[in-house]
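Colleague: This is the structure I want to talk about, given as structure tokens.
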Amino acid sequence: MQCSLRLPLQKRLGVQLSKGVDGVKEYMYPDNLKGKPILWLWYLRDIGILGVGAIISVILITTTSFYLPLAFVAVYGFLSIRTDDVSILDFIIYACNYFVFKQQYFVWEKEPLKGD
């Protein structure tokens, strides 16, 4: 039986290494090692925010019986679920930026009249 520590590093980590077009090493996992880290359905940043928010919510619930932060954390957790690298929260942010916060810039030019 072969010890797993004696296997090459690529096989132990599940990373496939191949030569690219110009002889450059390419990693097949995840996105040539340039993808964002994901755990379950969230980015790790979102899981950190959910964890800190849950701790603060539990402290507020036990000391003051104030449940509103827990509701905010639960809503944030639902809105930040990722499928196909997009979340509902991203869509809401893009829509608010487009319709409310970013200035839309339009240019009209006068078309010459026909016959001039």
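Colleague: Using the basic label-point model (7 angstrom from Cα toward the beta carbon), what is the Ala74 to Phe101 distance in nanometres?
Modeller: 2.7 nm
Colleague: Additional query: Return P(r) of region 45-116 (all Cα-Cα pairs; 10 Å bins starting at 0; whole %; ordered from short to long distances).
Modeller: Reading the bins upward from 0: 16, 27, 22, 14, 7, 6, 5, 2, 0.
Colleague: Something else about it: Obtain the nm distance between the two label points defined at Tyr94 and Lys34 by a simple spin-label model: each point lies 7 Å from its Cα along the Cα-to-C-beta direction.
Modeller: 2.0 nm
Read-outs: derived from the displayed coordinates by stated rules, not from any lab. The shown structure was predicted, so the numbers you read here are calculated from the model rather than taken from an experiment. All Cβ positions, even for glycine, are placed from backbone atoms using ideal geometry, and neighbour counts span all protein chains on display.
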